[in-house]
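Report on one structure; see the data block that follows.
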Amino acid sequence: MKTIVLACLVAVAVAAPQLQEREVVLLRDDRIANEDGSFSYALEADNGINTAVEGAVGSAGQINQAGSYTLTLEDGTQAVVNFVANENGFQPQSDILPTPHPLPAHVFELLEIAERQRAAGIVFN
């Protein structure tokens, strides 16, 4: 019985996909850090990853950043994500990010009804 279990484990280990790791080479690495807390950096690698970010100290002491990064998708196309990160949080914009479904028409009608009820002083507890 032990031999069968061992043979099954060996078969699973041999059948598992083998990951091929390769060293990523940086093509560009530009970094600037200023005394006032502002900074910028730009990195580009040979695997298609590319990023550029600028940052500065915000009004409440936080670091505000704006930039973009590019990555290669499984189908070989490039995806770009632009972002702002500040006191309002991380705000990415990209075609690859999921978006909510559009609201059905009846939802707009319900919102209008609710607005008319609020204007008329109707309140539900």
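Where the centre of each part is set by its Cα atoms, how far does the range 17-32 sit from the range 37-54, in angstrom?
When both Cα centres are located, 13 Å separates them.
Kindly express, to the nearest 10 degrees and within the range 0 to 90, the angle between helix 105-119's C-alpha long axis and the longest C-alpha principal axis of the chain.
The two axes meet at around 40 degrees.
Over the alpha-carbon set of the range 59-125, divide Rg by the Kirkwood Rh and report the Rg/Rh ratio to two decimals.
When Rh is taken as the Kirkwood radius, the ratio is 1.25.
Using a 1.4 Å probe on the protein heavy atoms only, what accessible surface does residue 90 show? Give it in Å² to the nearest 10.
Roughly 120 Å² of residue 90 is accessible to a 1.4 Å probe.
Compute the length gained on full extension between residue 96 and residue 47: take 0.36 nm times their separation in residues and subtract their Cα-Cα distance, giving the result in nm to one decimal.
Value of the extension gain: 15.8 nm.
If we count every other residue with Cβ under 11 angstrom of residue 26's Cβ, Lys/Arg +1 and Asp/Glu -1, where does the sum land?
-4
Of all alpha-carbon pairs in the range 12-77, indicate the percentage at a distance above 16 angstrom.
The calculated P(r) of the range 12-77 puts 63 percent of pairs beyond 16 Å.
Identify, among 62, 101, 48, the residue whose Cα sits farthest towards the positive end of the charge dipole of the range 22-103, taking +1 on the Cβ of Lys and Arg and -1 on the Cβ of Asp and Glu, with the dipole about the Cα centre.
Ranked along the dipole, the leading option is 101.
Under the definition of Cα pairs under 8 Å and six or more residues apart, what whole-number percent is the relative contact order of the range 16-118?
14 percent
Give me the 1.4 Å probe accessible area per residue for the range 14-125, excluding ligands and nucleic acids, in Å².
Ligands and nucleic acids excluded, the figure is 81 Å² per residue.
Kirkwood hydrodynamic radius of the chain from all distinct Cα pairs, in Å?
Result for the chain stands at 20.6 Å.
The values are calculated or read from the model by the stated rules, or taken from the named source; none is laboratory data. None of these values were measured; they are calculated from a predicted model. Every residue, glycine among them, receives a Cβ derived from its backbone with ideal geometry; neighbour counts consider all protein chains shown. In case anyone asks, the SASA skips ligands and DNA or RNA and just uses the protein heavy atoms, side chains included. Shrake-Rupley method; radii C 1.70, N 1.55, O 1.52, S 1.80 Å.
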